[in-house]
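Some notes on the structure that comes next.
The values are calculated or read from the model by the stated rules, or taken from the named source; none is laboratory data. Since this is a predicted model, take the numbers as computed values, not measurements. Counting neighbours? That spans all protein chains shown, and the Cβs are built from the backbone with ideal geometry, glycine included.
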Amino acid sequence: MYLFHRPFQFLSQQQSVKSACVGLAIVAVLWVGNSAQAQLPTARSGEVVPRDVRELYDRGLQYLATSQKEDGSWPGGDTGPGITGLAMMVFLASGEDPNFGLYSNHVRRALRNIISTQNTNTGIIGSSMYHHGFSMLALSEAYGTVDDRHLWTDAAKGENHISIGQSLELAVRAALTSQKKNSQGGWRYSPESNDSDTSVSGSVLVGLLAARNAGIEVPDVAIDRAISYFKAMTSKSGQVAYAGGFGGFDESIARISIGTLVYSIAHRKDLPQFKATIAYLSARIETQPNQWPEYARYYQAQALFQGNVEAWEKWNKLLVRQLKAAQQADGSVKSDHGPGLGTAMSMLALALNYRFLPIYER
């Protein structure tokens, strides 16, 4: 799995559907005294979020807020709309009002960046299906919560001033077109690829499932084909291979988490493959990934939360300890792919404690 190393590409908005699905995702800002720092709200379960989690998340938010470029992206290491989308979701997951809250300008800048990089002919966002999948997820989470009337008002004039809903539906159509060209039913780096890998396929499939959750039409046959691909790549032990046919199974916590997550949010928990992958993860919550730790954290948090909440609660305590040690003084989290990606994925792993993103609902 080479995350972002290689080149990473309308219908009506269905406003009433999307509002019903995601309109309650973001709550009002909670202020303490006259402080300029907004305090993060409590989790939906009604339990108070631990102070150390709030402090870690707030520092991560502040880093992303202060380091964002004027064009909406983040500097350092790998860049692109997929990374911009992940970072934007950290703001959406904070509980701030995305239209008038403390980080509303950051959200709008990021959305304009994502939409501006979309090829309006093909619908592909960015230079790889990695970027496309994560961007599609970010657009899905923003759809129904960010008011389009405020999106382009302060932006430089340009040709690609389409709405969030139009961009998302165009992106969904592009992902479906790419899948139809793929003999294995998944996706790889190029939208023209005939083979697949579980890492890229996971990012695109989660994006499609989030779009469906937001009210965008995604045919069952497309989801079924992608799930069939993941089933073929999952061993009886619960390990998930990277690419090719059967075989190549190893201890990749990231890929096993991806498999668990897509089975969960596609409502396929009855599958033996899901039962195998969640059992594998649940028995190894203290196992540390050999590489790309921020990528593994991002998916493992969601997989355990969706599949075994008791295991997630234990793993989450370990995550907090890890991030306390990993977070830098400026709030960033280092990564081989740059602090923007490292911070975004690490904070999104923590964001399960708040559960404001629709994709995090169980």
Candidate set from segment 200-218 (those that are of a type outside the set (A, V, I, L, M) and assigned to a loop (DSSP other than H, G, I, E, B)); member that is surrounded by the most Cβ atoms within 10 Å (Cβ to Cβ): Gly215
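Could you grab me the full set of residues in segment 169-226 that are acidic (Asp, Glu) and either within 20 Å of Gly244 (Cα to Cα) or in contact with a Cys (Cβ under 9 Å, 6 or more places away or on another chain) (or both)?
Passing the criteria: Glu192, Asp195, Asp197, Asp224.
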Condition first: surrounded by fewer than 24 Cβ atoms within 10 Å (Cβ to Cβ) and touching a strand residue (DSSP E or B) at 6+ places or on another chain (Cβ under 9 Å). Now tell me which residues in segment 185-199 satisfy that. Arg188, Tyr189, Asp195, Asp197
Within segment 219-242, residues surrounded by fewer than 18 Cβ atoms within 10 Å (Cβ to Cβ) and among the aliphatic types (A, V, I, L, M) come out as Val221, Ala232
In segment 110-154, which residue that is in contact with a Ser or Thr (Cβ under 6 Å, 6 or more places away or on another chain) and part of a loop (DSSP other than H, G, I, E, B) is modelled with the highest pLDDT? Gly126
What is the one condition in (1) farther than 25 Å from Phe91 by Cα; (2) in contact with a Leu (Cβ under 9 Å, 6 or more places away or on another chain) that Ser178 does not satisfy? (2)
